[in-house]
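Asker: Below: one structure in structure tokens.
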């Protein structure tokens, strides 16, 4: 059983210049990864996700905190003593070596028996469909083939933990999609505990059993892809997850009899009887709604989706089976996704409808915490 436990991990990079401040790359980060789990670290560039991975690998030393892999505290251990294998973004293959030599080089350094090395390389090359490429050099391979060799070099070691640092980002979109499926299947078959760093939402949502969202070195939310998408804990997570991103606009919470509404420039949109809203009565909050949860319907008797806001059609982007429609309201520009067969003209005045169950409410100050899910 190989789990990973990170407790209060902080990494501060001290500045070499007297005129520059130190940088806190990771701040008080705690996380537990179960045996056999594939966990994805997701966030924008510079958020600290790769630094977390490098500390687990032993390539960076935490300023404070503790890292446990399995039953062993590895915080101060050398990388080679941790039982991990890392797959990098740039493949890092030796150009003068063949595929076979690249895959066996690490085992040779660890003084494995030649028979054992050959057996592992043969098994792994069969697993990754590299058998016909073993005598080629990296320059003779495609990007996808090079990535499979990089994976194979990690797999032959049979480590306790796999660490993936944006391994598919150098591939084109079609090949990245194919490799993503292969990688997910491979990790499931091997059953090895894995951490995967990416800034690609599709990779995160499709590969991860759980996703960790990071921003500015701070863990924002941990959850399944469905939890992250449907129940974002703050404005950052809500705006980061989803493509196109969630729409945001401001409104004021009001109460009529026993029910709460959002005053959106004269439109009172119902949000139910949740007593948590009592603390925000007559206060301005931020309302979030995803583009696919908005609709335009001129003749509709469905009471479940009351009028949300009115606006003017600004831009229509054709995507084949759907359109992205941008609507100018009095206070914001909203995006909605709808069937491309619905005709719309620029400058047309329309009413947007939404279901109260699809509306997210956030505080307008501080971290923008979710009002209903925290």
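Asker: Report the full-extension gain for the segment residue 80 to residue 227: residue separation times 0.36 nm, less the Cα-Cα distance, to one decimal in nm.
Answerer: Details: separation 147, 0.36 × 147 = 52.92 nm, distance 3.60 nm.
Between residue 80 and residue 227, full extension yields 49.3 nm more.
Asker: Also, quick follow-up: Pairing the Cα long axis of helix 173-190 with the longest principal axis of the chain, what angle in degrees results, from 0 to 90 and rounded to the nearest 10?
Answerer: So the helix axis and the longest Cα principal axis differ by about 70 degrees.
Asker: Pairing the Cα long axis of helix 143-155 with the longest principal axis of the chain, what angle in degrees results, from 0 to 90 and rounded to the nearest 10?
Answerer: For 143-155 against the chain, the angle is about 60 degrees.
Asker: Then there's this: So how do 280, 91, 318 line up by other beta-carbon neighbours within 10 Å, fewest first?
Answerer: Numbers: 280 16, 91 19, 318 9.
Listing 280, 91, 318 from fewest to most nearby Cβ atoms yields 318, 280, 91.
Asker: A further question on this structure: Stretch residue 256-residue 14 to full length: gain in nm at 0.36 nm per residue minus the Cα-Cα span?
Answerer: 81.6 nm
Asker: Something else about it: Below 8 Å, C-alpha to C-alpha, sequence gap of six or more: please give me the relative contact order for region 247-363 in percent. All intermediate terms of the calculation are to be shown ahead of the outcome.
Answerer: Details: 246 pairs, mean separation 34.0, N = 117.
Across region 247-363, relative contact order equals 29 percent.
Asker: Take the alpha-carbon centre of region 218-239, take the same for region 335-366, and report the distance between them in whole Å.
Answerer: Each part reduced to its Cα centre gives a spacing of 21 Å.
Asker: Nearest 5 is fine: what % of DSSP beta bridges in the chain come out antiparallel, could you say?
Answerer: Working: 61 of 79 bridges.
Bridges in the chain are about 75 percent antiparallel.
Asker: Note the full-extension length gain between residue 281 and residue 202 as 0.36 nm times their separation in residues minus their Cα-Cα distance, in nm to one decimal.
Answerer: Details: separation 79, 0.36 × 79 = 28.44 nm, distance 3.76 nm.
Between residue 281 and residue 202, full extension yields an extra 24.7 nm.
Asker: Continuing with the same structure: What FRET efficiency comes out for the pair residue 319/residue 97, r = Cβ-Cβ distance, R0 = 51 Å, nearest 0.05? Display every interim value, and only then the final one.
Answerer: Working: r = 45 Å, r/R0 = 0.87.
Efficiency, from the Cβ-Cβ distance: 0.70.
Asker: Among 80-89, 288-297, what's the highest-first ranking by average C-beta atoms within 10 angstrom per residue?
Answerer: Values: 80-89: 18.2, 288-297: 19.7.
Top to bottom by mean Cβ count within 10 Å: 288-297, 80-89.
Asker: Over the chain, what is the mean sequence separation of C-alpha contacts under 8 Å (at least six apart), divided by residue count, expressed as relative contact order in percent?
Answerer: Values: 742 pairs, mean separation 55.0, N = 374.
RCO, the chain: 15 percent.
Asker: Using Cα springs under 10 Å in a Gaussian network model of the chain, which residue among 122, 274, 265 shows the largest mean-square fluctuation?
Answerer: Maximum among the listed residues: 274.
Asker: For the chain, with a Gaussian network of springs between Cα atoms less than 10 Å apart, report the residue from 328, 304, 37 with the top mean-square fluctuation.
Answerer: Residue with maximal mean-square fluctuation among 328, 304, 37: 304.
Asker: Which one is right for this structure if P(r) over Cα pairs in 10 Å bins from 0, in percent is calculated from it: [x] 5, 20, 24, 21, 16, 10, 4, 1, 0; [y] 5, 24, 33, 25, 11, 2, 0; [z] 5, 22, 27, 20, 13, 8, 4, 1, 0?
Answerer: Working out P(r) over Cα pairs in 10 Å bins from 0, in percent from the coordinates points to [x].
Asker: Calculate, in whole percent, how much of the Cα-Cα pair population of region 221-350 lies beyond 25 Å. Please list the in-between numbers first.
Answerer: Working: 2692 of 8385 pairs.
Within region 221-350, distances greater than 25 Å cover 32 percent of Cα pairs.
Asker: Would you mind ranking 286, 50, 7 by Cβ crowding within 10 Å, fewest neighbours first? Walk me through the numbers on the way to the answer.
Answerer: Numbers: 286 19, 50 22, 7 15.
Ordered from fewest to most neighbouring Cβ atoms within 10 Å, 286, 50, 7 come out as 7, 286, 50.
Asker: Between 0 and 90 degrees, rounded to the nearest ten: what's the tilt of helix 114-127 against the longest Cα principal axis of the chain?
Answerer: So the helix axis and the longest Cα principal axis differ by about 30 degrees.
Computed from the coordinates by the stated procedures, all read-outs in this text should not be read as laboratory data. Quantities reported herein were computed from a predicted structural model and do not represent experimental measurements. FYI the Cβ positions are ideal-geometry reconstructions off the backbone, even for glycines, and counts take in every protein chain you see.
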